[in-house]
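The block underneath contains the structure these notes are about, expressed in structure tokens.
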Amino acid sequence: MEMPPEESSSFAERLTRNVSRFDVSGKTLLIPDMAPRGSRLLAASFRAFGVPAQVLPTYTHLHLGKEFTSGKECFPCQVTLGDILGFLQEEKKLLGRDFNVTDYVYFMPEADGPCRFGMYNKMQRLVLDRFPEFKDIPILYMSTADGYASTGVLPGEQAKLFRRLAYVATILADVLDRIVWRVRPYEREPGRTDAFMDKAQQDMIDLIERRGQARDFKALYALLGEIASQAKSIIDPNRPRKPRIGIVGEIYLRTHPDSNQHIIRELERFGAEVVDASLGEWVNFVSYEQYRNIRKQWRLAWKRMDAAGLVDASRQWVGSRLEMAWQGWRQNQVYQKAMEHLDIQGDHAIPTVEAQLDQDRLFSFDIGTEAVLSIGGALEYVHDHFDGVVNVFPFTCMPSTITSAILKPLLLRMNVPYLDAAYDGTIQPNREVALRTFMYQATQHKAAREVKKDADSRQ
Ligand code: SF4
């Protein structure tokens, strides 16, 4: 239905005014709970710069997310919508007349490209606008279009410094997760890893809040080293290594334990050691995509003999290369600090993933989306002798369906167990059977791999 001109302009104005990037100083920033450690360390990074950020309680009001969507939206959109509506309702109940929705800012980043993730914040704006008491909450976004630039989110230089801290905090969260996954399947005493790592996470949060603004990365690395060293002592060295399972898929679903019905713990229960793809992989991918776009601009300017375009693209090219080099250097430092004590799984470089996909003519980065990471990530797991791969995604997710179409026959040919795990909030009665069967295949794969390794070493 076409809107009258005055309504349509106020609607457009509402989207640009109330879904935008602006200075959040002094507001309570509400961050959706995605990867539990990643979200909490990001909130701590904001607090280090004086923004009272908090992670939203999650999965407690899914019914609201479902009630205000049609059923055609992606599942993460429903979950996060339920989270923000539930929080605001509860907060209003708690504070009564003191509740003022303009004291808060809701953080919902977006991605450009063919995916619906670019539409979550607009769609959620429309729903929030239906509640007179919530319609004035501003939505803050950061976008992949400019590599999640934080310019304007904090005053002056602070925005740039915050971005540096947020990147390191993201990698720290990845490594803390990898410590858990390396230790928990082999713990001497059940529950010891979780108890220890909850405390370790809180120590890291406290340190980020205290030393983050000064970007005292040395102090953060030192604490991480201590955590890794102490976590190692939880492992029972007499326990043999288990089949290793790599998880790929859609970033929200694979990192949000409630949405994926705690798939990592479930796989561990059935005898696996699990590694999930990292958050850093996505951030590095976004930077790499920016670099590829600048490269295209440069080539176009060269073809057109556009001198001004060439200068501009060259300037951006240098900035982009420096950014990627900085990220790689910091990521390496964080992983190395933990690896001095514990043999956690490392992370792959995005250009390597592209080179491998190109060389084997499996998929192209020109198509984009998370499919490139999932297909490339799965092949990296195979290369690192994992015994199975699970693709975790929201039901009907477009990039993950592409991933499945390519990985399923490919891994079958390579004789590597593979499982699609799609979620939409319902409990599937055959899920446990599927996981158990998959783990049986992974165990067989590990046994066959070890027999072959023995035979090879005797030759
Ligand atoms: S990646 Fe999947 S779940 Fe996420 S927006 Fe795209 S289609 Fe939806």
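How would D456, D206, D129 line up from fewest to most surrounding beta-carbon atoms within 10 angstrom?
Fewest-to-most ranking of D456, D206, D129: D456, D206, D129.
Q333 to I406: extension gain in nm, 0.36 nm per residue of separation minus the Cα-Cα distance?
22.9 nm
With θ taken as phi - 60° and the coefficients 6.51, -1.76 and 1.60, list the Karplus ³J(HN,Hα) couplings across the range 318-335 in order, rounded to whole Hz; mark glycine and proline as x.
Per residue, the Karplus-derived 3J(HN,Hα) values read 4, x, 5, 4, 5, 4, 5, 5, 4, 4, x, 5, 5, 4, 4, 4, 5, 4 Hz.
W302 to D203: extension gain in nm, 0.36 nm per residue of separation minus the Cα-Cα distance?
Gain in length upon complete extension: 30.5 nm.
Which residue, chosen from P394, N293, A338, occupies the Cα position most advanced towards the positive end of the dipole of the chain, where the dipole is computed from +1 (Lys, Arg) and -1 (Asp, Glu) charges on Cβ about the Cα centre?
A338
How about K242: which lysines have a C-alpha closer than 28 Å to its C-alpha, ignoring those fewer than 8 places off in the same chain?
Straight-line reach from K242, under 28 Å: K199, K232, K337, K408, K446, K452, K453.
Counting only Cα, what are the radius of gyration and maximum Cα-Cα distance Dmax of the chain, in Å?
Cα-based Rg and Dmax for the chain come out at 22.9, 81 Å.
Could you give the semi-axes, largest first, of the ellipsoid that matches the range 13-153, computed as the square roots of 5 times the alpha carbon gyration tensor eigenvalues and rounded to whole Å?
Calculated on Cα positions only, the semi-axes equal 20, 20, 15 Å.
At L126 and I367, where each label point lies 7 Å from the Cα along Cα→Cβ, what is the point-to-point distance in nanometres?
Taking the simple label geometry, L126 and I367 are separated by 2.9 nm.
So for the pair H385, T352, with labels modelled 7 Å out along Cα→Cβ, what separation do we get in nm?
Modelled inter-label distance: 1.6 nm.
Once R0 is set to 22 Å, what does the formula 1/(1 + (r/R0)^6) return for the Cβ-Cβ distance between E189 and H262, expressed as a FRET efficiency to the nearest 0.05?
So the FRET efficiency works out to roughly 0.60.
Where does each of 337-343, 165-171, 90-96 land if you order them by average Cβ count within 10 Å, highest first?
165-171, 337-343, 90-96
Which part of the range 254-269 falls in the paramagnetic zone of Y440, meaning amide N under 19 Å from the point 7 Å along Cα-to-beta-carbon?
266-269
For K92, which lysines qualify as cross-link partners when the Cα separation must be under 26 Å and same-chain residues fewer than eight apart are set aside?
K27, K66, K122, K135
So if each residue of separation counts as 0.36 nm, and I subtract the Cα-Cα distance between D23 and W317, what length gain in nm does that give?
The D23-W317 span can extend by a further 103.1 nm.
For the range 101-169 and the range 234-266, what is the separation of their Cα centres, given in Å?
29
May I ask you to list the aspartates and glutamates whose Cα is less than 14 Å away from that of K296, ignoring any residue fewer than eight positions away on the same chain?
In chain and number order, the partners are D306, D312, D366.
What are the residues whose amide H is under 5 Å from the amide H of V274, where those residues sit 5 or more places off or on another chain and H is modelled from the backbone?
Sorted by chain and number, the residues that satisfy this are I245.
Between D216 and D136, with labels modelled 7 Å along Cα→Cβ, what's the label distance in nm to one decimal, could you check?
4.0
No value in this document is a laboratory result; all are computed from the given coordinates. Predicted model only: the values in this text are computed from it and were never measured. For neighbour counting, all protein chains shown are included, and Cβ atoms are generated from backbone atoms with ideal geometry for every residue, glycine included.
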